[in-house]
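Colleague: This is the structure I have questions about; it appears just below.
The values are calculated or read from the model by the stated rules, or taken from the named source; none is laboratory data. Every value quoted in this text rests on a predicted model; they were computed, and no experiment measured them. Cβ sites come from the backbone with ideal geometry, for glycine too, and all protein chains shown count toward neighbours.
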Amino acid sequence: MTQPAPVSAVGQFPTTRMRRLRQSDWSRRLVAENHLTVDDLIWPIFLVDGDNRRVPIASMPGVERYSVDVAVEMARHAAEVGIPVLALFPATDPAKKSADGEEAINANNLVCQAVRAVKAAVPQIGILCDVALDPYTTHGQDGLVRNGYVVNDETVEMLCKQAVVQAQAGCDIIAPSDMMDGRVGRIRVALDAAGFESVQILSYAAKYASAFYGPFRDAVGSANSLGTGDKRTYQMNPANTNEALREVQLDLAEGADLVMVKPGMPYLDIVRRVKDTFAVPTVVYQVSGEYAMLLAAAQQGWLDRDKVIFESLLAFKRAGADAILTYFALEVARKLRSAGK
Ligand code: PBG
């Protein structure tokens with residue numbers, strides 16, 4: 001960078017006018033370096049048993065759990081505006097939860113029913129399912145607990161079965177969110193062996209032990225089960241960044257097609273490092289706590305709702321994300337569409 005010339009030396013100050021390009025809307029549009037489009041969006045929705053049900057989630061105003069029939073309607077709306085992928089998360093009936101979360105491998109569980117129904121009615125939309133046991137376990141942990149510890153290898157066996165059951169239902173993207181070691185490779189082998197070599201794996205590779213997941217745990221009903229427990233023996237320490245690169249490297253070596261960084265807004269540095277280091281499809285998750293935070297401030301009238309939503313999503317693009325899981329996806333897709341984008 002050259003030093004700016006002193007005023008007296010040139011007599012014309014400043015010599016470079018950065019504001020020239022910012023003067024009008026056409027010019028700002030012309031030089032914009034990043035854009036948010038509908039193609040960037042993955043819409044997470046929550047499922048609940050029953051028919052014609054929409055159950056609000058207190059800590060996520062505006063987000064509801066849908067019964068399968070309503071979820072199919074919502075999938076139609078999402079496809080209409082061109083959202084590429086829907087992510088499905090079940091709020092499991094507490095009566096179906098168990099210590100080892102066997103409901104996760106029930107081929108007729110809520111998420112599998114929803115996958116089949118959406119696939120049949122809206123075949124053009126991609127479907128993503130989480131692989132982890134927390135919606136199904138009475139303790140709310142993502143894996144099997146033995147002597148107070150979430151055991152790795154035995155959990156991975158179970159996750160492989162969960163992945164295959166979801167693929168059989170028609171899931172297009174298997175997304176392990178459990179943070180067990182070695183699970184991507186084992187799931188890849190299990191999927192291939194079952195004839196699902198075309199099913200993609202999106203690994204939650206850099207997933208942090210974050211307090212921003214609170215409202216999600218309300219939504220899927222794992223918060224009460226987890227109680228004062230936490231997931232710090234498997235999810236990453238928010239203090240670390242080199243470790244995220246190791247996680248991503250391992251998951252790619254094991255066969256991940258796409259990788260995820262999660263949460264989003266407080267972890268933009270990780271998104272950028274992952275993208276720069278590996279140049280692979282990089283997904284970011286704007287998690288439930290980020291949604292709650294933005295909406296709470298907007299509801300108070302402290303932030304401009306639309307503007308902060310769009311700015312937060314554009315920031316993900318700027319950081320290098322190729323796709324964004326966000327609870328705002330349907331609303332944002334509709335607004336982008338009506339703006340002709
Ligand atoms: C399950 C899972 C979680 C989220 C996505 N998958 C919660 C957790 O790990 O405790 C969080 C998503 C969000 O907060 O929006 N393993």
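Colleague: Quick check: anything in segment 68-86 surrounded by fewer than 23 Cβ atoms within 10 Å (Cβ to Cβ), small (Gly, Ala, Ser) and in contact with an Asp or Glu (Cβ under 9 Å, 6 or more places away or on another chain)?
Modeller: For segment 68-86, residues surrounded by fewer than 23 Cβ atoms within 10 Å (Cβ to Cβ), small (Gly, Ala, Ser) and in contact with an Asp or Glu (Cβ under 9 Å, 6 or more places away or on another chain): present.
Colleague: Okay, next question. Please go through segment 124-139 and give me each residue that is within 17 Å of the chain's Cα centre (by Cα) and either closer than 17 Å to Leu41 by Cα or assigned to a strand (DSSP E or B) (or both), ordered by number.
Modeller: Result: Ile125, Gly126, Ile127, Leu128, Cys129, Asp130, Val131.
Colleague: Looking for something of a type in the set (Lys, Arg) and either in a loop (DSSP other than H, G, I, E, B) or in contact with a Cys (Cβ under 6 Å, 6 or more places away or on another chain) (or both) - is there at least one such residue anywhere in segment 107-123?
Modeller: no
Colleague: While we're here: Are any residues in segment 85-106 over 19 Å from Arg65 (Cα atoms) and either in contact with a Leu (Cβ under 6 Å, 6 or more places away or on another chain) or in a strand (DSSP E or B) (or both), and if so, which ones?
Modeller: Of everything in segment 85-106, those that are over 19 Å from Arg65 (Cα atoms) and either in contact with a Leu (Cβ under 6 Å, 6 or more places away or on another chain) or in a strand (DSSP E or B) (or both) turn out to be Ser98, Asp100, Gly101.
Colleague: Is it true that some residue in segment 270-281 is closer than 21 Å to Trp43 by Cβ, touching a strand residue (DSSP E or B) at 6+ places or on another chain (Cβ under 8 Å) and crowded, with 18+ Cβ neighbours inside 10 Å?
Modeller: Yes.
Colleague: Further question: List the number of the failed condition for Glu311; all other conditions in (1) closer than 16 Å to Leu258 by Cα; (2) within 20 Å of the chain's Cα centre (by Cα); (3) more than 16 Å from the ligand (Cβ to nearest atom) hold.
Modeller: (1)
Colleague: Take segment 231-251 and flag every residue that is aliphatic (A, V, I, L, M) and free of Cβ contacts under 8 Å to residues at least 40 places away in the same chain.
Modeller: Of everything in segment 231-251, those that are aliphatic (A, V, I, L, M) and free of Cβ contacts under 8 Å to residues at least 40 places away in the same chain turn out to be Ala239, Ala244, Leu245.
Colleague: Just one of Val165, Val156 is assigned to a helix (DSSP H, G or I), farther than 17 Å from Leu110 by Cα and away from the ligand (no atom under 12 Å from the Cβ); which is it?
Modeller: None of the other options fit; the residue is Val156.
Colleague: I'm checking my understanding of the structure. Among residues of segment 323-341 that are small (Gly, Ala, Ser) and closer than 13 Å to Val283 by Cβ, which one is nearest to the ligand (Cβ to nearest atom)?
Modeller: In this case the residue turns out to be Ala329.
Colleague: Additional query: When Arg188 is evaluated against the numbered criteria (1) in contact with a Gly (Cβ under 6 Å, 6 or more places away or on another chain); (2) closer than 29 Å to Ala292 by Cβ, which criterion, by number, is the only one it fails?
Modeller: Unmet condition: (2).
Colleague: Pairs only if they're at least six apart or on different chains, beta carbon under 9 angstrom, first in segment 25-45 and closer than 29 Å to Phe89 by Cβ, second exposed (fewer than 12 other Cβ atoms within 10 Å of the Cβ); list them, first residue then second.
Modeller: His35/Lys341; Leu36/Lys341; Thr37/Lys341; Val38/Lys341
Colleague: Please work out which one of (1) within 15 Å of the ligand (Cβ to nearest atom); (2) free of Cβ contacts under 8 Å to residues at least 40 places away in the same chain; (3) within 21 Å of the chain's Cα centre (by Cα) is the condition Ser177 fails and give its number.
Modeller: For Ser177, the failing item is (2).
Colleague: Let me ask you something else. Just for segment 223-240: of the residues that are out of contact with any helix residue (DSSP H, G or I) (no Cβ under 9 Å at 6 or more places or on another chain) and small (Gly, Ala, Ser), which one is surrounded by the fewest Cβ atoms within 10 Å (Cβ to Cβ)?
Modeller: Ala239
Colleague: Working carefully through the options Glu311, Glu243, find the one that is more than 29 Å from Asn152 (Cβ to Cβ), at pLDDT 95 or above and surrounded by fewer than 16 Cβ atoms within 10 Å (Cβ to Cβ).
Modeller: Glu311
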